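What follows is one structure encoded as structure tokens, with my remarks underneath.
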Amino acid sequence: MSKQGGKGAAGKGKKPAKAGGDDKREDALQAVIIADYFQDRFRPFTLDKPRCLLPLVNIPVIEYTLEFLASNGVQEVFIYCGTHSEDIEQYIHESTRWSPNSAISPFSSLEFIRVSDATSVGDFLRDLDKRSLISGDFILVHGDLVANIQLDGILAKHRARREANCDACMTVVLRSVGEEPHRAAKARGITPVFVIDDTDGRCLQYDEIHPLMKDRRLLLDPSVFKHGSFELRSDLIDCGIDICTPDVLALWSESFDYELPRKNFLHGVLKDWELNGKLIYTEIFENGYAARASNLQMYDCISKDILERWVLPFAPDSNLMHDQSYQKVKNNSFVESGVLVERGSKVLQSAIGKDTSIKAGSVISGSVVGRRCQVGKNVKIKDSYIFDDSTIEDGAVITHSILAGGVKIGANAQIPEGSLISYNVEIDRDVRLPTKPPARISAKTDNGQPVENDASLVGPGGKGAVYSVTADDSDSDSDDEGDGDPAQLQNNLIYSLEGLNISTLSVSTLASEDDYDSDEDDEHAGYLHAGDGQRERLSSFTSDDASKPDAFHGDAVNGLVDALRGDDNADFDSAKLEFMGLRLANNASDSSMRRAIAVAFTKRAAEMLTPEHGGLEPAKAAERVLKDKNGAVKFIKDVGVGGDDVKQQTEFALALQKGLVSVRGLEPSRAGTLLAALLQQLYTLDVLEEDGILAWWADRRAAEGDTMTTVKERCKVLVDWLEEADEEDSDEDEDDEDSD
């Protein structure tokens with residue numbers, strides 16, 4: 001049952017209280033699970049199920065989180081739900097282990113809390129403060145946590161600090177990367193940087209290393225130096241485990257604009273500690289496993305780690321759920337009862353669910369296959385994840401992809417690396433899905449309605465269409481709709497980050513360029529340079545924090561402009577890799593990528609017009625900004641434009657126009673001349689075709705407002721020339737036909 005309470009609703013389930021239970025409530029260890037992430041990284045799968053119920057090695061992710069809390073003596077659990085709250089509640093209530101009414105539940109109470117108008121983790125925690133449900137120390141985690149560490153010692157230290165100083169309000173639990181070869185420790189992405197007092201573990205500052213930034217400097221707060229000796233640690237996995245006092249909730253309530261646990265809350269509280277007086281500490285453990293399945297890359301890493309027994313006792317043959325029956329067999333594989341593997345087929349380092357059949361000649365390696373799946377003859381499945389009740393017909397090939405439940409893959413179909421195929425999609429026989437970008441296919445729209453089947457993609461007998469993030473879910477401006485075609489660029493990156501050499505040269509300092517300028521002369525300010533090398537793993541909370549469109553746009557534009565300003569003629573490939581790494585970390589939309597690229601190139605071109613940057617004429621500036629860097633033109637064509645489609649080219653031309661209009665101090669007439677030069681260069685370089693430029697000219701958005709109109713009109717000479725050339729080509733074609 002659920003109770004309505006103000007903005008939220010709570011569904012409670014509690015065991016009968018024991019005598020004296022009220023007196024001991026204050027001593028009960030409580031935990032809060034955040035089960036909504038306000039992201040779309042797992043779409044289209046999360047159209048049908050919340051992320052915490054998606055199978056991770058054939059077990060819903062939240063099972064790992066609950067087992068972790070139970071193993072650490074948690075007695076009271078609060079689960080904050082957003083989307084799919086009914087599904088989560090139903091799953092827990094039907095569980096023989098976790099149901100509040102279950103005799104074997106390790107928790108004395110488990111309560112669901114829904115907040116109808118929540119848009120961030122901050123909204124959840126401010127709501128929790130209003131409810132006054134927290135009576136003492138509590139553990140804050142996300143519903144995608146997989147961990148086997150014991151918190152007894154860390155809890156004891158936290159309580160000792162709290163008793164010695166009531167302002168010690170929070171302990172952040174971190175994992176040292178060390179030399180462990182498991183994948184979660186080596187995953188790459190945004191890297192958290194903790195500045196820690198090496199005498200007592202107090203956290204003095206929090207920051208992040210982004211893939212794209214090239215400044216190489218971390219701006220240390222002057223107050224850090226008052227603490228004497230300290231360490232700057234960028235070798236830590238932030239697994240999203242925080243031990244908190246109720247004061248943490250009060251801090252969230254006091255800062256109504258905080259949305260994210262790390263970039264907003266942790267950074268802000270540490271920065272303002274002299275005002276709020278609160279102290280935050282870190283505890284770093286060396287042994288054990290902890291990571292969040294916070295994106296598809298981490299989902300892949302953790303799945304492999306479980307299969308390779310890095311997360312004991314969480315291994316398939318531990319049979320975490322009561323109805324499982326896995327046994328370890330040869331070739332480091334795990335199979336449940338009822339699995340039929342015909343002679344001549346192979347299962348290598350994989351897990352196969354109950355009642356699945358695999359016919360002769362098939363090879364499954366490094367993969368997880370759910371229950372009741374039918375795998376035909378001579379099928380090849382490599383490094384992939386196939387949910388329950390799916391059918392793979394004879395001769396199909398599936399490589400490093402995810403197939404949700406009820407999917408049907410026709411005979412001899414090919415599913416290439418990075419494909420995401422959602423629930424109940426059907427791929428017809430002999431279909432080969434695209435590789436660039438890899439397909440993301442759904443059978444339903446965002447509002448739950450069936451899609452119009454795309455026969456060109458899934459075949460004439462198929463079911464489903466390309467899933468594109470809608471305007472409401474994207475990071476784009478409302479008037480800049482994405483076209484959807486390059487939407488899958490991140491999928492190859494998701495599955496191929498191990499092959500990227502993304503540099504950790506740059507540190508995002510949460511400060512603007514003006515902040516740097518004003519602080520360089522401050523005798524108390526200090527800079528530390530980040531060393532060369534590869535990033536070691538993905539931060540759990542920073543991936544949430546990076547999802548803001550402004551964060552992506554600013555960092556992306558600055559990084560590209562820095563690359564374009566370089567004096568050398570180095571290839572643009574490294575800048576492209578860093579840009580795509582940042583795009584992945586922020587989950588930025590296609591229109592956000594297009595806008596950032598257009599703004600960066602127009603900003604640099606406009607810069608070249610100024611005396612301090614050469615004072616070039618517009619035609620020369622346009623040529624230089626495109627040709628000075630090897631690979632820059634290809635980057636614009638592949639990522640900025642995204643294809644040969646007229647609509648894609650129109651959108652990029654419009655983005656260039658808007659980029660020039662937004663350049664401060666650039667007169668509209670001069671901006672129009674520069675735009676004409678850029679469009680002419682892009683036409684000459686075969687990036688934009690005449691149809692694309694002419695479609696931009698005819699688009700009403702190109703003439704919205706006086707400034708946009710002025711800039712557009714400066715391109716009339718180019719447009720007239722293109723139209724005349726088109727007419728001449730038509731006349732020549734007619735003459736050729738007559739001569740024939």
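The values are calculated or read from the model by the stated rules, or taken from the named source; none is laboratory data. None of these values were measured; they are calculated from a predicted model. FYI the Cβ positions are ideal-geometry reconstructions off the backbone, even for glycines, and counts take in every protein chain you see. Heads up: the accessible areas ignore ligands, DNA and RNA and are worked out on the full protein's heavy atoms, side chains in. Shrake-Rupley method; radii C 1.70, N 1.55, O 1.52, S 1.80 Å.
Odds and ends about this structure:
- Restricting the range 230-248 to residues that are more than 18 Å from Ile154 (Cα to Cα) and over 26 Å from the mean Cα position of the chain (by Cα), the residue that is most open to solvent (accessible area, probe 1.4 Å) is Glu231.
- Flag if Asn331 is polar (S, T, N, Q) and touching a residue at least 12 places away in the same chain (Cβ under 8 Å): yes
- Qualifying residue in the range 157-174 (condition: open to solvent by less than 10 Å² (accessible area, probe 1.4 Å), within 26 Å of Val57 (Cβ to Cβ), out of contact with any Ser or Thr (no Cβ under 7 Å at 6 or more places or on another chain) and touching a residue at least 12 places away in the same chain (Cβ under 8 Å)): yes
- In the range 582-602, the residues that are assigned to a helix (DSSP H, G or I), closer than 18 Å to Lys637 by Cα, in contact (Cβ under 8 Å) with a residue 60 or more places away in the chain and of a type outside the set (Phe, Trp, Tyr): Arg583, Asp590, Ser591, Ser592, Met593, Arg594, Arg595, Ala598, Val599, Thr602
- Filter result for Asp22 (part of a helix (DSSP H, G or I) and modelled with pLDDT under 90): yes
- Any hit, the range 694-713, residues being among the β-branched types (Val, Ile, Thr), over 20 Å from Ala605 (Cα atoms) and in a helix (DSSP H, G or I): yes
- Residue within the range 91-113 that is under 28 Å from Gly464 (Cα atoms) and of a type in the set (A, V, I, L, M) present: no
- Residue match in the range 577-588 (condition: farther than 30 Å from Ser120 by Cβ and surrounded by fewer than 24 Cβ atoms within 10 Å (Cβ to Cβ)): yes
- Residue within the range 292-310 that is in contact with a helix residue (DSSP H, G or I) (Cβ under 7 Å, 6 or more places away or on another chain) and in a strand (DSSP E or B) present: yes
- Total residues in the range 315-344, condition in a loop (DSSP other than H, G, I, E, B) and open to solvent by 60 Å² or more (accessible area, probe 1.4 Å): 7
- Residues that are more than 15 Å from Ile33 (Cα to Cα) and of a type in the set (D, E, K, R) within the range 64-118 comprise Glu86, Asp87, Glu94, Arg97, Asp117, listed in sequence order.
- Counted residues, the range 378-424 - those being of a type outside the set (S, T, N, Q), open to solvent by 10 Å² or more (accessible area, probe 1.4 Å) and on the phi > 0 side of the Ramachandran plot: 5
- Residue selected from the range 39-57 under the condition of a type outside the set (D, E, K, R) and in a helix (DSSP H, G or I), by the criterion surrounded by the most Cβ atoms within 10 Å (Cβ to Cβ): Cys52
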